[in-house]
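Working notes, structure below.
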Amino acid sequence: QETLLGKYGEEGKLIYELQDQGGERLALRYDLTVPFARYLAMNKVTNIKRYHIAKVYRRDNPAMTRGRYREFYQCDFDIAGQFDPMIPDAECLKIVHEILNDLDLGAFLIKVNDRRILNGVFAVCGIPESKFLPTCSTVDKLDKMPWEEVRSEMVGEKGLSPEAADRIGEYVQLHGGLDLVERLLQDPKLSQNKLAKEGLGDLKLLFEYLTLFGIAGKISFDLSLARGLDYYTGVIFEAVLLQQEKDHVEEGVGVGSVAGGGRYDGLVGMFDPKGRKVPCVGVSIGIERIFSILEQRIEASGEKVRPTETQVLVATPQKGFLATRLKLISELWDAGIKAEVLYKKDPKLLKQLQYCEDTGIPLAAIVGEQELKEGVVKLRDVATREEV
């Protein structure tokens, strides 16, 4: 349990805690990042690039329509190691772009910010360092609620002065591209802050690389992006799907973020007995989120989805041909062909062909007395009904 606790900040309250029979305090993993960092530290790995698809658990209120569950799959991609700034970070964004593009999910935007810029903003707005992280998790709610509510949480719950909150408001409502980075580098207050200046310099570099990768058009530098987790140290990003105007379907479609990530240079050091750091940057894709969108889309379009990969059904028009069918399907399986047979001794031919239509199996291999005599198999194209 202590591996997980204290790594996530406010979101940590969603960790599933349990005790095993021996009374040891355990917890279910909340994401794949913290276990990855622990693995690197324990095995003294200083350089690795890997992906990981697995289940994680959150003690959240599930919202099925929005693809929010208590147990769900994440797909993570991480690059760990000491490299020159922003090259691996740009690659992570390139991968998110590639995935969302290939899945054909419609218009999307990848928001980018940097924790150092946010901390710089907080500093020049006169907020004590002890309140940086709590303020961060409040700013992170800007995509879900209006500025007024966020501001009142800052003042009411987080104990910021109204003036400081207003000063933050001037910054966190800004978003743009490289032009905004340039503008903030000239900002009289921010440019005095060492952290913010570093972050802005890196973002400038990042946009340069993203332009070379040909994806800068889909990236937005957004100062309201905070990501609720405590372990981020530098660049942070989040991919959101944009609602098309024609999608006036019921409330269920607003899915929010489908991928998120960032740089967490301090996490591995937390698990290393000597505190040795390994810089890391990574991204996590919410598989269930994406599935729920694809499912809604398919339902709306009324198209039929093929539920199986089977290429051919071995069928027979006559009784007493189970042995022949089993011998033939065994040959097909051995040849690496995806084949099925109905689990019935004497199915009717119509039943077998109907099964092909229902499950989208394109071919039926038919053997009967006639075929057996001639030493052939009749191959039927289920859709066109042509036979050879």
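Checked against the criterion of being buried (at least 19 other Cβ atoms within 10 Å of the Cβ) and in contact (Cβ under 8 Å) with a residue 60 or more places away in the chain, segment 42-60 has no qualifying residue.
Conditions tested, residue by residue: (1) closer than 23 Å to G261 by Cα; (2) exposed (fewer than 15 other Cβ atoms within 10 Å of the Cβ); (3) touching a strand residue (DSSP E or B) at 6+ places or on another chain (Cβ under 9 Å); (4) modelled with pLDDT under 90.
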residue: L133; (1), (2), (3), (4): yes, no, no, yes
residue: S137; (1), (2), (3), (4): yes, no, no, yes
residue: V155; (1), (2), (3), (4): no, no, no, no
residue: A165; (1), (2), (3), (4): no, no, no, no
residue: Y171; (1), (2), (3), (4): yes, no, no, no
residue: G177; (1), (2), (3), (4): yes, no, yes, no
residue: E182; (1), (2), (3), (4): no, yes, no, no
residue: D187; (1), (2), (3), (4): no, no, no, no
residue: Q192; (1), (2), (3), (4): no, yes, no, no
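Each row is one residue, and each column tells you yes or no for (1) among the charged types (D, E, K, R); (2) at pLDDT 95 or above; (3) assigned by the TED database to the domain that holds E71.
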| site | (1), (2), (3) |
| --- | --- |
| Y16 | no, no, yes |
| G22 | no, no, yes |
| R25 | yes, no, yes |
| L40 | no, yes, yes |
| N47 | no, yes, yes |
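Within segment 61-104, the set of residues being in contact with a helix residue (DSSP H, G or I) (Cβ under 8 Å, 6 or more places away or on another chain), hydrophobic (A, V, I, L, M, F, W, C), open to solvent by 40 Å² or more (accessible area, probe 1.4 Å) and farther than 20 Å from L241 by Cβ comprises I87 only.
Tell me, yes or no, whether segment 102-111 has at least one residue that is among the β-branched types (V, I, T) and over 13 Å from the mean Cα position of the chain (by Cα). So far as segment 102-111 goes, no, none of its residues is among the β-branched types (V, I, T) and over 13 Å from the mean Cα position of the chain (by Cα).
Of everything in segment 63-106, what is part of a loop (DSSP other than H, G, I, E, B), under 22 Å from L206 (Cβ atoms) and of a type in the set (A, V, I, L, M, F, W, C)? Give them in sequence order. Passing the criteria: F83, M86.
The values are calculated or read from the model by the stated rules, or taken from the named source; none is laboratory data. Source: prediction; values computed, not measured. Reconstructed Cβ throughout: ideal geometry from the backbone, glycine too, with neighbour counts over all protein chains shown. Accessible surface areas use protein heavy atoms only, side chains included; no ligands, DNA or RNA. Shrake-Rupley method; radii C 1.70, N 1.55, O 1.52, S 1.80 Å.
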